[in-house]
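> Sending over a structure as structure tokens; questions will come in a sec.
The values are calculated or read from the model by the stated rules, or taken from the named source; none is laboratory data. In this text, all values refer to a predicted model and were calculated from it rather than measured experimentally. Reconstructed Cβ throughout: ideal geometry from the backbone, glycine too, with neighbour counts over all protein chains shown.
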Amino acid sequence: MSAAADKLALLSASAHYDVCAMCESSARPEDRDVFMPSITRLRAGDHTVSVLKILLTDACHYDCAYCANRAARPRPRYSLRPEELADTFADWHTRGLVDGLFLSSGIHAGPAETMARMIAAVEILRQRHRFDGYVHLKVLPGAPYDCVARAVELADRVSVNMEVPTQQALDRLTTSKRLYQDVVQRMHWIRQAAQQAGPGALKAGQTTQFVVGAAGESDRETLTAVEGLRRSVGLRRAYFSAFRPVRGTPLEGEPPAPALRQHRLYQAEWLLREYGFSLSEVTRACDPGGNLPLALDPKLAIALRTPELFPVEVNRATRADLLRVPGIGPRSAARILAARRRHRLQSLDELRDLGVAARRAAPFVLVAGRRPTGWSDPPAPGQLSLELTAG
């Protein structure tokens, strides 16, 4: 293996903590050979592509308390020249090892200079190697507008890591970043640059990532930030990464965030994005501390907290009403609407044949005016806390 490929593999391992998509498989760096690159299987419609996740450098002048690459953490540092990254990636692409690139970086020489080097690497790929495949490019906090605009021109997707939802939470992790000025403003610039570039620019939109549980933030705060960004900057997706303590950082003795908490945030974000739930509806699932219950998925928790909405008659309900029934999703709701134009639905078995998760839906529906037999009613509101604890 060449020196450039060695560094590429090591910097790829360091990029594990950056989430670019719903990974189908990815080992933690300490659990694998460091010379195995972090190649992620990314779902794209009905197929998958192999995306190399890589840092241009793991040197960083920031001291974020949770980060493996923080400046004060003693460890060897590696960097790639733009042409090293581009040439090695192009070779791997020619050999069929990778289909796309996810490029991020530590901020070593300042955001403007580091961002310019990242852009140079992608320019070499696009222009010299004629690579027209998928590129996800991180925009660094504090990057200047011209770098943001060029990233939008070159990449299919760009993102800025928000990390936490409020400045108060960010202050618990670092004193060197300003959430609005360094991060959120860049998100607005991304939207502005994409609009100026015209149709076809930034095909996969912009995304962001949150580190869950590192700064004492609540799920309600995180979901409020996600919904605000969706409305203000057109955020396509939010990704969540459960905090894991890293040796040699100030938070190494803190407990890890439950992986299930990360999963519940993904479910709640899906309700906002794909089901049309309002933020106030979704946050009804939160406990008094503002966190989603771990024992129940958010949709079921919301249904149990709004018993006045149920049972829903499936032969008359609107699409929005159907989507609030546990066990009915967008596809099965569409099938119900289509089926009842042909005939009146008569049984739970018919719903099951249409893709409904019948066991989950049964306590919340009427079918032809009748409650499905053999199923218990949902818990009363006063029983909710017991239900959440017992699962």
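> Kindly indicate which of THR57, THR88 is surrounded by 18 or more Cβ atoms within 10 Å (Cβ to Cβ) and touching a His at 6+ places or on another chain (Cβ under 7 Å). Before the answer, list the steps.
Working: THR88 fails: touching a His at 6+ places or on another chain (Cβ under 7 Å).
That would be THR57, the only listed residue that is surrounded by 18 or more Cβ atoms within 10 Å (Cβ to Cβ) and touching a His at 6+ places or on another chain (Cβ under 7 Å).
> Test of understanding: among ARG231, ARG247, ARG273, ARG236, which residue is among the basic types (Lys, Arg), surrounded by 15 or more Cβ atoms within 10 Å (Cβ to Cβ) and within 29 Å of ARG172 (Cα to Cα)?
On the way: ARG231 fails: surrounded by 15 or more Cβ atoms within 10 Å (Cβ to Cβ); ARG247 fails: surrounded by 15 or more Cβ atoms within 10 Å (Cβ to Cβ); ARG273 fails: within 29 Å of ARG172 (Cα to Cα).
After ruling out the rest, the residue left standing is ARG236.
> Could you figure out which of (1) within 30 Å of PRO245 (Cβ to Cβ); (2) free of Cβ contacts under 8 Å to residues at least 40 places away in the same chain isn't true of PRO256?
Every listed condition holds for PRO256 apart from (2).
> Of the residues ARG335, ARG316, ARG331, ARG340, which single one is assigned by TED's automatic domain parsing to the domain that holds PRO372, more than 22 Å from ALA285 (Cβ to Cβ) and in a loop (DSSP other than H, G, I, E, B)?
Working: ARG335 fails: in a loop (DSSP other than H, G, I, E, B); ARG331 fails: in a loop (DSSP other than H, G, I, E, B); ARG340 fails: in a loop (DSSP other than H, G, I, E, B).
Being assigned by TED's automatic domain parsing to the domain that holds PRO372, more than 22 Å from ALA285 (Cβ to Cβ) and in a loop (DSSP other than H, G, I, E, B) holds for just one of ARG335, ARG316, ARG331, ARG340, which is ARG316.
> Turning to a different aspect of this structure: Do any strands (runs of 3 or more DSSP E) lying entirely in the stretch 87-164 carry at least 1 residues that are among the small types (Gly, Ala, Ser), under 17 Å from HIS188 (Cβ atoms) and within 24 Å of the chain's Cα centre (by Cα), and which ones are they? Please lay out each step first, then the result.
Details: elements: 100-104, 135-138, 157-159.
Passing ranges, in order: 157-159.
> Counting only residues that are touching a strand residue (DSSP E or B) at 6+ places or on another chain (Cβ under 8 Å) and of a type in the set (S, T, N, Q), which one in the stretch 73-115 is modelled with the highest pLDDT?
Within the stretch 73-115, the first condition is being touching a strand residue (DSSP E or B) at 6+ places or on another chain (Cβ under 8 Å), and the residues that meet it are 77-80, 85, 89, 92, 97-106, 108, 114.
If we keep only those that are of a type in the set (S, T, N, Q) too, we end up with 79, 104-105, 114.
Values: SER79: 91, SER104: 94, SER105: 94, THR114: 97.
Result: THR114.
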